[in-house]
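Working notes, beginning with the structure itself.
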Amino acid sequence: MEHILKNIPLSLTKTLYKLEEGEISIKIEHEGLEKITNKVSVALILSALLIGSSMIMTTDNGINLIKFPFLGFLGFGVSAVLAVILVISIIKDRGL
């Protein structure tokens, strides 16, 4: 321990010199970032589908199903399936 404490000033000086000269590179490793990115992407697509389907439901154009546009129902259906898949994926990854 004493050896480490004695070498700290020298190590800091060398490190600061390398930093000043631009000779230090930093390597960052990430784990699981791809899974999180995929889930955020699915969540954004899901939210866009829900908003788009809600906007379509307010129109009277196109094929109607129970007085509402079929395309709106289709969007809500796809959104529901994506939401279930996303929730299952999150639960499976957390081990719940």
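Readers should treat all values here as calculations from the given coordinates under stated rules, not as data from a laboratory. Only a predicted model underlies this, so the values are computations on that prediction, with no experimental measurement involved. In this analysis, Cβ positions are derived from the backbone assuming ideal geometry, glycine residues included, and neighbour counts consider all displayed protein chains.
Among the GluC sites (Glu not before Pro) within the stretch 9-96, those in coil by DSSP and having at most 14 neighbouring Cβ atoms inside 10 Å are E23, E29, E31.
Enclosing the Cα atoms of the stretch 28-94 in their convex hull gives a volume equal to 78 cubic angstrom per residue.
In deg cm²/dmol, rounded to 500, what helix-only [θ] at 222 nm does the chain give when every DSSP H run of at least 4 residues adds -39500 (n - 2.57) and the total is split over its residues? Per the formula, -25500 deg cm²/dmol. A simple charge model with +1 on the Cβ of Lys and Arg, -1 on the Cβ of Asp and Glu and nothing else charged puts the dipole of the chain at about 300 debye relative to its Cα centre. Under the criterion of Cα pairs below 8 Å and six or more residues apart, the relative contact order for the stretch 28-94 equals 31 percent.
Extension gain for E29 to L65 (0.36 nm times residue separation, less C-alpha to C-alpha distance): 7.8 nm. Springs join every pair of Cα atoms under 10 Å in this Gaussian network model of the chain, and among G77, G32, G52 the largest mean-square fluctuation is at G32. Each residue of the stretch 77-89 was assigned a 3J(HN,Hα) from its phi angle through the Karplus expression (A = 6.51, B = -1.76, C = 1.60, θ = phi - 60°), giving x, 4, 4, 5, 5, 4, 5, 5, 4, 5, 5, 4, 5 Hz with x at Gly and Pro.
Of all lysines in the structure, the ones whose alpha carbon falls short of 22 Å from that of K35, not counting any fewer than 8 places away in one chain, are K27, K92.
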